[in-house]
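To keep things clear, I will list the structure first and then write my remarks on it.
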Amino acid sequence: MSDSSIKSASHKTTNEVMFGLITSRIDASSSVLDFGAGHGHMCQRLGEFFERTGADPKKHLVACEITPEVFRYEKVECRKIGVNSEIPFAAESLSLIYAIEVLEHTFRPYDFFNEAYSKLRPGGWLLFSVPNSLHFKSRLLFLLTGFAEMFGPPSTDVKNAGRICGHIMPLNYAYFVYGLKRLGFVDVQFHKDRSKRSSYGLALMFYPILRLASAWYDRRLKAYDHEVWLENRSVVNRVNRLDMLSSRSCIVVARKPCR
């Protein structure tokens, strides 16, 4: 990293996991978009990655942000976007799109998936991270208070849009899988970042019960609607796995099929 590193609003571990997932899927010929780039922390890291391959970051890396005036990485372009999840680039022009802790602030994440599918080249990748509302502590908080962790009472004040009270879309992994697969994305994967110790300990205590609950729900869904069961059985099993029950963030990777 450069000595003049741009600070990130996201957790260090989330950034490390995302950086590894992104760089394992790009090369010196890739065209990459940072959606909701903030100050440009990840853009700077990826710019330095491209420079190490001998490539010019400006030719391979672009960014967009609702408030582009806060973007500080001068080696790439940052375009202004609105709140409608529109991606202001040509169809099939991008190899990879990523969004770090952005979708929980948006009104229409499914529209974002649609935009991403349109703007990705065949075989291109979409990666994003959001707060994981399915870790065990979050589930317990929702049971007791009606609000999942990191999804407390929302604020309508524009000045709060970037704060936790600006988290207005508490979708979880199952609904991300639905939105992505409905558009045609394949190879949808969950990745964890940092284990929350409180969630991990509680999840271990209750793990046998949770696995039994998953098995019970699987049988119940199969009896009720066999087609829906076939479509969702992997998701039903996944949401009560230990990594989902303990991960601070929900990191999702999906691929647009090759032609």
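The values are calculated or read from the model by the stated rules, or taken from the named source; none is laboratory data. A quick note: this is a predicted structure, and the numbers were derived from the prediction, not measured. As a convention, Cβ positions derive from the backbone with ideal geometry for all residues, glycine included, and neighbour counts pool all protein chains shown.
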>> Being more than 17 Å from the chain's Cα centre (by Cα), under 30 Å from residue 118 (Cα atoms) and touching a residue at least 60 places away in the same chain (Cβ under 8 Å) is the requirement here; does residue 166 meet it?
In response: no
>> Report every pair of residues separated by at least 6 positions or lying on different chains whose Cβ atoms are under 6 Å apart, first residue within the stretch 49-66 and of a type in the set (Asp, Glu), second assigned to a strand (DSSP E or B) and surrounded by 22 or more Cβ atoms within 10 Å (Cβ to Cβ).
In response: 65/78
> Name the residues in the stretch 76-97 that are in contact with a helix residue (DSSP H, G or I) (Cβ under 6 Å, 6 or more places away or on another chain) and within 24 Å of residue 11 (Cα to Cα), would you?
Replying inline: 76, 78, 85, 97
> Say we look at the stretch 1-35 and pick out the residues that are among the acidic types (Asp, Glu) and under 20 Å from the mean Cα position of the chain (by Cα); which of these is farthest from residue 95 (Cα to Cα)?
Replying inline: 16
>> So for the stretch 188-202 (the condition being in a helix (DSSP H, G or I), free of Cβ contacts under 8 Å to residues at least 60 places away in the same chain and small (Gly, Ala, Ser)), does at least one residue qualify?
In response: yes
> Right, residue 10: modelled with pLDDT under 95, touching a strand residue (DSSP E or B) at 6+ places or on another chain (Cβ under 6 Å) and surrounded by 13 or more Cβ atoms within 10 Å (Cβ to Cβ) or not?
Replying inline: yes
> Any residue in the stretch 100-109 that is out of contact with any Cys (no Cβ under 8 Å at 6 or more places or on another chain) and either assigned to a strand (DSSP E or B) or surrounded by fewer than 15 Cβ atoms within 10 Å (Cβ to Cβ) (or both)?
Replying inline: yes
>> Looking at the stretch 180-198, can you tell me whether even one residue there is at pLDDT below 95, touching a Phe, Trp or Tyr at 6+ places or on another chain (Cβ under 9 Å) and not aromatic (Phe, Trp, Tyr)?
In response: yes
> What is the residue count in the stretch 216-259 for residues that are surrounded by 13 or more Cβ atoms within 10 Å (Cβ to Cβ) and over 27 Å from the mean Cα position of the chain (by Cα)?
Replying inline: 2
> Tally time: how many residues in the stretch 42-86 are surrounded by fewer than 19 Cβ atoms within 10 Å (Cβ to Cβ) and over 18 Å from residue 105 (Cα atoms)?
Replying inline: 15
>> Looking at 93, 133, 155 in this structure, which one is polar (S, T, N, Q), in contact (Cβ under 8 Å) with a residue 60 or more places away in the chain and farther than 20 Å from residue 35 by Cβ?
In response: 133
>> Here is a list: 150, 169, 205. Which entry is at positive phi and either assigned to a helix (DSSP H, G or I) or surrounded by 15 or more Cβ atoms within 10 Å (Cβ to Cβ) (or both)?
In response: 150
>> Among the residues of the stretch 172-201, what is the count of those that are touching a His at 6+ places or on another chain (Cβ under 8 Å) and surrounded by 17 or more Cβ atoms within 10 Å (Cβ to Cβ)?
In response: 3
>> Please verify whether residue 180 is in contact with a helix residue (DSSP H, G or I) (Cβ under 7 Å, 6 or more places away or on another chain) and either in a strand (DSSP E or B) or not β-branched (Val, Ile, Thr) (or both), treating the condition exactly as stated.
In response: yes
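Condition check ((1) of a type in the set (A, V, I, L, M, F, W, C); (2) closer than 25 Å to residue 259 by Cα; (3) within 15 Å of the chain's Cα centre (by Cα)) across all residues:
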{"position": "101", "(1), (2), (3)": "no, no, yes"}
{"position": "118", "(1), (2), (3)": "no, yes, no"}
{"position": "126", "(1), (2), (3)": "yes, yes, yes"}
{"position": "133", "(1), (2), (3)": "no, no, yes"}
{"position": "138", "(1), (2), (3)": "no, no, no"}
{"position": "142", "(1), (2), (3)": "yes, no, no"}
{"position": "145", "(1), (2), (3)": "no, no, no"}
